[in-house]
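Here is the structure we will look at, set down as structure tokens.
The values are calculated or read from the model by the stated rules, or taken from the named source; none is laboratory data. This is a predicted model, so every value here is computed, not measured. Cβ placement follows ideal geometry from the backbone for every residue including glycine, while neighbour counts extend to all protein chains displayed.
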Amino acid sequence: MFSPTRSNPPEWIRVKVPKHSKAEPLRQELNRLGIHTVCQSARCPNIGECFSRGTATFMILGETCTRKCGFCAIKTGRGEPVDPYEPLKIATMVSRLNLRHAVITSVTRDDLPDEGATQFAKTVRAIKSLCPNTTVEVLTPDFHARNELIALVLDSKPDIYNHNVETVPRLQKSVRPQASYERSLKVLEIVKELEPTMLTKSGLMVGLGETMDEVVQVLKDLKAVGCDIVTVGQYLQPTKWHLPVARYVTPEEFAEIERIGYELGFKHVFSGPFVRSSYLADIVFENSKPFLTGSDHIMAV
């Protein structure tokens with residue numbers, strides 16, 4: 001079973017903050033180009049570490065989401081105009097950072113006819129054109145599980161297709177009321193149907209009130225739709241207006257989740273207190289590559 005509820009964060013929930021000077025150059029460059037990152041908009045606890053490494057998860061289609069999830073700090077409202085120059089801006093930034101692996105995500109855009117799928121495809125193609133040696137991971141909304149929109153993104157040839165289930169089925173209505181657990185599974189299933197060799201990835205948060213049995217069932221459900229990579233991390237309340245933390249999962253429990261995930265046959269399992277879906281995504285991708293040739297997994301994270 002999971003650890004009991006705690007009123008204060010335990011000692012392992014402490015973020016090491018790199019020196020401000022190391023992260024500031026990237027922050028300034030992003031601001032200069034008008035590029036959004038989920039690191040900033042979602043108040044990710046790993047922002048200092050990632051910015052200091054010279055990496056970021058780029059967020060396209062503005063910084064206003066048309067959905068309101070109980071865990072997410074991104075603001076909700078009417079979607080912003082789509083920037084036609086955004087794909088080139090992102091590709092330029094990827095080139096300047098000399099990234100070996102780029103992660104592209106977005107706010108949900110239910111207001112757009114294509115829900116933002118075209119902008120995803122344009123951004124992937126721009127990166128592939130300007131930076132042919134860079135691998136690209138897309139972390140997409142659910143697109144209402146529309147085959148034609150998922151196909152649009154896949155046609156741009158990303159290297160990983162990532163879509164998060166976020167939490168266990170029982171908690172979906174409070175965590176992301178405008179989404180659906182079944183729909184998210186369907187997205188991953190459609191990706192494999194359309195592109196069987198595409199690496200797929202999904203993630204969930206723990207500490208929202210789920211049980212270990214529920215987490216294991218999510219892992220089984222993800223494996224059943226062909227998901228290759230799974231990430232599991234501790235939910236941290238971004239503001240007092242968001243869902244509270246029900247409990248803090250111990251490092252030992254995260255290790256147990258990882259063990260179970262590998263037993264179920266995932267290519268890579270990244271499980272820990274500060275793990276997020278796109279955290280250290282370049283290393284997670286490298287650890288998954290041996291499976292493309294049938295080698296054993298390596299634990300470099």
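Some notes on this structure:
- Looking only at region 95-109, and only at residues there that are crowded, with 16+ Cβ neighbours inside 10 Å and more than 17 Å from the chain's Cα centre (by Cα), the one that is farthest from Arg146 (Cα to Cα): Leu97
- Every residue from region 183-201 that is part of a strand (DSSP E or B) and either of a type outside the set (A, V, I, L, M) or over 18 Å from the mean Cα position of the chain (by Cα) (or both): Thr200, Lys201
- The listed residues are Phe120, Phe71, and the only one of them that is touching a His at 6+ places or on another chain (Cβ under 7 Å) and either surrounded by 16 or more Cβ atoms within 10 Å (Cβ to Cβ) or not aromatic (Phe, Trp, Tyr) (or both) turns out to be Phe71.
- Checked against (1) without any contact (Cβ under 8 Å) to a residue 40 or more places away in the chain; (2) outside any loop (DSSP other than H, G, I, E, B); (3) buried (at least 21 other Cβ atoms within 10 Å of the Cβ), Cys227 passes all but condition (2).
- Residue within region 211-221 that is out of contact with any Pro (no Cβ under 8 Å at 6 or more places or on another chain) and in a loop (DSSP other than H, G, I, E, B) present: yes
- Check on Arg125, surrounded by fewer than 18 Cβ atoms within 10 Å (Cβ to Cβ) and in contact (Cβ under 8 Å) with a residue 12 or more places away in the chain: yes
- For region 185-218, filtered to residues that are surrounded by fewer than 24 Cβ atoms within 10 Å (Cβ to Cβ) and among the polar types (S, T, N, Q), the residue that is farthest from Thr167 (Cα to Cα) is Thr197.
- Criterion (among the β-branched types (Val, Ile, Thr) and free of Cβ contacts under 8 Å to residues at least 40 places away in the same chain) met by exactly one of Val103, Val82: Val82
- Residue among Met212, Met198 that is in contact with a strand residue (DSSP E or B) (Cβ under 7 Å, 6 or more places away or on another chain), modelled with pLDDT of 95 or more and of a type in the set (A, V, I, L, M, F, W, C): Met198
- Filter result for Lys173 (at pLDDT below 95 and farther than 30 Å from Arg125 by Cα): yes
- Residue under evaluation Thr197, criteria (1) out of contact with any helix residue (DSSP H, G or I) (no Cβ under 7 Å at 6 or more places or on another chain); (2) in contact (Cβ under 8 Å) with a residue 12 or more places away in the chain; (3) closer than 25 Å to Ile150 by Cβ, criterion not met: (2)
- Leading residue by the ranking (farthest from Lys267 (Cα to Cα)) among those in region 159-182 that are free of Cβ contacts under 8 Å to residues at least 40 places away in the same chain and not in a helix (DSSP H, G or I): Ser180
- Entry remark, region 140-158: residues being assigned to a helix (DSSP H, G or I) and either of a type in the set (D, E, K, R) or more than 25 Å from Val206 (Cβ to Cβ) (or both) number 10 in total.
- Thr76 vs. criteria under 26 Å from Thr167 (Cβ atoms) and at pLDDT 75 or above: yes
- Residues within region 261-277 that are among the β-branched types (Val, Ile, Thr) and in contact with a helix residue (DSSP H, G or I) (Cβ under 6 Å, 6 or more places away or on another chain), tallied: 1
- Matching residues in region 80-94 - criterion: being surrounded by fewer than 19 Cβ atoms within 10 Å (Cβ to Cβ) and closer than 23 Å to Ala151 by Cα: Val82, Asp83, Pro84, Tyr85, Leu88
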